[in-house]
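The values are calculated or read from the model by the stated rules, or taken from the named source; none is laboratory data. Given the structure is predicted, the values throughout are model-derived calculations rather than measurements. All Cβ positions, even for glycine, are placed from backbone atoms using ideal geometry, and neighbour counts span all protein chains on display. Protein only, heavy atoms only, side chains kept; ligands, DNA and RNA dropped before computing areas. Shrake-Rupley method; radii C 1.70, N 1.55, O 1.52, S 1.80 Å.
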Amino acid sequence: MIIKEYVAKRKKEIQKEIKKLKRVPNFVIVQVNEDVGSNAYVKGKLKDAEELGVKARLIKMPLTTSQTDLLKVVSDLNVNPEVDGFIVQMPLPKGINEEDVKIAINPNKDVDGFHPLSKLNPCTPQGIINYLHHEKITLQSKNAVVIGRSNIVGKPMARMLLKENCNVTVLHSKTSKEDMFNYVKNADIIVIAIGKQHFLDNTFEYKKSAIIIDVGISRDENGLHGDALENLPVALKTPVPGGVGLLTRLALYENLLTICKNK
Ligand code: GUN
């Protein structure tokens, strides 16, 4: 099923689950950046909330916000009984330590699953795994190559693919071109999240049966682009836009629903 259809189907199911809860879930997004990608994501997340019957609001703070000010907002949300869950949108301005913020979030309200004690997983890799399961794609014993080692995507993605019994290799900016070529050539599943337009192109060789999950998103005068070229000779390449971004937004509300159900 294409991602748009899958997301529409799952949204209807989540909407029903939300209606069964004792009260309307209350969700908050804290944003301390002017990032183009974040603005698009936040707008999408607020739109989803309305559609799903979730009460959501955005706390937008200026770029000059100090870490102390942000941590004060986080600690207020942590104890506010009206708030079921919240996220702090990344990236954060220079001078604010992302790790300090992540561990300050109440793990029971951590919709992003960023806190080390959170039982939930970060939304992008979780959304990808959910979709692969829905499509009944066998993961066990497959060669999975993760390109990019960010804390939000690459690292948790590798951990989750390992849990699915994939043979996992993580490649990054210091991987040689020759190694990159060889790993990609033998990969069954490639997850790329580096933010470099069309990094995977026709200079690489692919298995015909390969699946490329394109997490990257970059913008130029021609619009939005993924980290992989469209129409590569593989079995599946997720589109950009209309791909992983939708899966991430879906996983966010799946995580919020889990939090509300566990109360
Ligand atoms: N920035 C990019 N992706 C994410 C995400 O999943 N959560 C948060 N909080 N920030 C992000």
Residues that are closer than 22 Å to Ser209 by Cα, touching a residue at least 60 places away in the same chain (Cβ under 8 Å) and open to solvent by 10 Å² or more (accessible area, probe 1.4 Å), drawn from the range 132-159: His134, Glu135, Ile137
Leading residue by the ranking (nearest to the ligand (Cβ to nearest atom)) among those in the range 69-105 that are in a strand (DSSP E or B) and not aliphatic (A, V, I, L, M): Gln89
Filtered residues of the range 93-115 (kept if over 16 Å from the mean Cα position of the chain (by Cα) and buried (at least 21 other Cβ atoms within 10 Å of the Cβ)): Ile105, Lys109
Pairs, first outside any loop (DSSP other than H, G, I, E, B) in the range 106-121, second open to solvent by 40 Å² or more (accessible area, probe 1.4 Å), C-beta under 6 Å, six or more apart: Pro107/Leu117
Residues that are open to solvent by 60 Å² or more (accessible area, probe 1.4 Å) and in a strand (DSSP E or B), drawn from the range 189-223: Arg219
Residue in the range 189-202 that is farther than 30 Å from Asp84 by Cβ, in contact (Cβ under 8 Å) with a residue 24 or more places away in the chain and of a type in the set (Phe, Trp, Tyr) present: yes
Selection count where residues are touching a residue at least 40 places away in the same chain (Cβ under 8 Å), open to solvent by less than 70 Å² (accessible area, probe 1.4 Å) and not small (Gly, Ala, Ser), scope the range 10-40: 16
